[in-house]
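The next block holds one structure in the form of structure tokens; read it before the comments.
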Amino acid sequence: MDSFIVISLIKEVVVFGVLLTTLAYLQWVERKVIAHIQVRPGPYRVGPHGLLQPVADIIKLLTKEDLVPPYVNKPLYLLAPFLAMTMALLSISVIPFGPQIQVAGYQTYMQLTDLNIGVLFVLAVSSMGVYGIALAGWSSNNKYALLGGLRSSAQMISYELPMSLAIAAPLLISNTLSLRGLVEKQAGGIWNWNVLHGPFPQIVSFIIFLIAAFAETNRIPFDLPEAENELVAGFHTEYSSMKFASFFMSEYANMITVSCMATLLFLGGWVAPWPAEYGSSYVPAAIFLLAGLVALYHGFHPARRRDGYTLPVFGVLFLIAAAVFLLPMVQSWLIPLFWFCAKTGGILFGFMWIRGTLPRFRYDQLMGFTWKFLFPVAMLNLLVTGFLVALRS
Amino acid sequence: MDVILFLVFAIIAVVCAINVVVQTHPISSAVSLVGVMASLAVLYLLLGAEFLAAAQVIVYAGAIMVLFVFVIMLLNAGAEAKKGRSFTAQLLGLPLLVAFLGLMAYFVQRLFPQSTMVHFGGFRGGGAAEIGHALFTTFLLPFEVTSILILVAILGAIVLARKEMD
């Protein structure tokens with residue numbers, strides 16, 4: 001019992017440490033990705049390649065004046081960022097990152113806790129996240145903030161329906177609500193993942209889930225709640241300092257959560273695309289080796305004097321990582337973790353890519369799209385899936 | 001541990017429920033009602049009815065109350081004005097409250113004798129599979145009738161809204 005508490009505490013510290021660091025650096029990655037899409041270098045001044053930019057941002061946000069306007073509804077104004085942040089971080093506690101591992105004689109799962117209603121828990125927590133935004137918009141006592149909050153609530157209520165229906169279809173195939181159980185049902189290889197697995201491949205519901213996820217996290221092209229050319233900054237117009245930062249962080253935490261959910265529900269979680277006996281365990285090492293060699297080549301290239309020492313350092317780090325992936329004692333947990341992070345990271349990159357390329361929807365298009373197109377398609381997909389699953393059993 | 005958690009969340013539920021009535025602004029009342037729903041969900045969870053707990057949060061706290069908050073925000077309802085209580089309310093309020101609570105306590109005592117104690121987590125069959133099975137076999141008729149009732153309500157709402165638009 002005592003060792004259980006100690007292990008849980010250690011896991012919590014590790015998971016939340018990693019999560020918060022990822023949140024800070026995700027924003028750096030996003031700025032870099034969008035910058036490269038728009039053919040400019042992005043953050044470059046603070047640290048090598050702007051790598052210390054998140055630290056500078058955090059210091060800036062922490063030391064800014066924390067302003068509470070006199071006309072706000074104070075209890076709700078203070079509650080809203082807290083609510084948004086808590087609900088965003090809470091759902092990570094049921095996400096599994098890898099299989100059972102053994103550390104110093106203890107068997108433990110790479111997951112904080114496995115609920116047998118894990119999927120429902122994530123849905124419940126994410127549906128509670130609306131309050132943070134809606135209350136922030138209302139309590140600010142500002143017309144722009146109110147409009148942002150209203151748009152956000154309407155959007156989240158509307159897109160929650162197709163999202164839930166899209167989640168229900170792979171659950172019918174896997175026949176479990178536990179997130180760990182879902183991954184175990186998809187073990188084996190890419191043909192067992194729900195996105196391709198019979199009786200009815202869930203490609204349609206995967207795409208619907210991703211579209212709804214964009215809307216739920218208020219990302220472009222669905223970022224109507226904070227459309228800056230109409231609403232100043234939307235629901236967080238009146239927030240400053242760390243209160244603003246907590247809305248910002250909760251948006252990124254929600255992005256990570258929906259990407260993890262998409263990975264677990266449709267892409268097989270930490271399962272490699274093909275079995276280890278056909279050499280899938282050498283893929284991470286090969287990728288890091290390639291990345292290291294490319295970084296070294298560019299680092300020593302005479303045309304890139306600015307990167308004369310950062311790129312070789314990163315090249316060596318990548319080569320070390322490649323060597324670590326070949327060590328037999330860490331392979332059992334590092335390789336599943338790699339696949340999980342690779343899939344989640346791929347979806348997160350998709351989020352950034354779309355932000356860099358697509359314009360914003362008009363409001364009536366946004367609502368018409370979900371009620372007249374997304375919802376019927378998700379319903380049809382669920383019906384067909386249910387029919388085929390019933391036929392099979 | 002279970003008893004402590006039960007007491008904490010039961011107290012939160014009761015305090016939030018009182019707050020719903022006491023608050024003058026509809027938004028504050030609605031948020032307190034969300035607190036009641038959420039702490040009720042925790043109580044279900046403590047009893048071992050995990051599916052019911054999740055459904056409580058998703059349906060009541062996450063969907064219905066969001067809609068309430070949305071409508072209040074959309075109508076921009078202001079805080080209600082406090083008026084002095086009438087003479088009858090001042091005279092009869094407290095005795096009636098005591099009488100009502102006494103009546104409730106009497107009926108609870110009559111309906112649930114002491115022999116059926118509730119054990120924390122003692123309830124089996126609160127999982128999604130059991131609930132689904134029960135809904136589609138034993139309680140199929142009530143389940144379908146309820147869904148038709150809700151459909152009728154939606155159609156009624158559309159008809160009412162239509163009339164106003166013309």
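The values are calculated or read from the model by the stated rules, or taken from the named source; none is laboratory data. Bear in mind the structure is a predicted one, so any value in this text is a computation, not a measurement. Quick reminder, even Gly has a Cβ in these numbers, built from the backbone with ideal geometry, and neighbours come from all protein chains shown. Note: areas computed on protein heavy atoms with side chains; ligands, DNA, RNA excluded. Shrake-Rupley method; radii C 1.70, N 1.55, O 1.52, S 1.80 Å.
In this structure, is A:Ser139 more than 18 Å from A:Glu251 (Cβ to Cβ), open to solvent by less than 10 Å² (accessible area, probe 1.4 Å) and free of Cβ contacts under 8 Å to residues at least 24 places away in the same chain?
no
On the given criteria, is A:Gln100 over 24 Å from A:Val29 (Cβ atoms) and away from chain B (no Cβ under 14 Å)?
When the stated conditions are applied, A:Gln100 passes them.
Is there a residue being under 20 Å from the mean Cα position of the chain (by Cα), facing chain B (nearest Cβ under 10 Å) and either hydroxyl-bearing (Ser, Thr, Tyr) or open to solvent by 40 Å² or more (accessible area, probe 1.4 Å) (or both) anywhere in region A:170-177?
no
Can you go through A:Trp333, A:Trp274 and tell me which one is assigned to a loop (DSSP other than H, G, I, E, B) and touching a residue at least 40 places away in the same chain (Cβ under 8 Å)?
Only one candidate passes the filter, namely A:Trp274.
Any idea which of B:Ile72, B:Ile4, B:Ile27, B:Ile12 is part of a helix (DSSP H, G or I), without any contact (Cβ under 8 Å) to a residue 24 or more places away in the chain and among the hydrophobic types (A, V, I, L, M, F, W, C)?
On inspection, the qualifying residue turns out to be B:Ile4.
So A:Ser164 ticks every box in (1) part of a helix (DSSP H, G or I); (2) more than 9 Å from chain B (Cβ to nearest Cβ); (3) surrounded by fewer than 24 Cβ atoms within 10 Å (Cβ to Cβ) but one. Which box is left unticked?
Condition not satisfied by A:Ser164: (2).
List the helices (runs of 4 or more DSSP H) that sit entirely inside region A:179-250 and contain at least 2 residues that are under 18 Å from the mean Cα position of the chain (by Cα).
In region A:179-250, the matching helices (runs of 4 or more DSSP H) lie at A:179-185, A:203-216.
Out of the residues in region B:26-40 that are at the interface with another protein chain (Cβ under 8 Å from one of its Cβ atoms) and either under 11 Å from B:Ile72 (Cα atoms) or under 10 Å from the mean Cα position of the chain (by Cα) (or both), state the one that is surrounded by the fewest Cβ atoms within 10 Å (Cβ to Cβ).
Ranking the qualifying residues of region B:26-40, first place goes to B:Ser28.
Count, please, the residues in region A:35-72 that happen to be small (Gly, Ala, Ser) and part of a helix (DSSP H, G or I).
Within region A:35-72, residues that are small (Gly, Ala, Ser) and part of a helix (DSSP H, G or I) number 3.
From the list B:Leu45, B:Leu101, B:Leu97, exactly one residue is within 11 Å of chain A (Cβ to nearest Cβ) and either open to solvent by 90 Å² or more (accessible area, probe 1.4 Å) or over 23 Å from B:Ala128 (Cα atoms) (or both). Which is it?
B:Leu45
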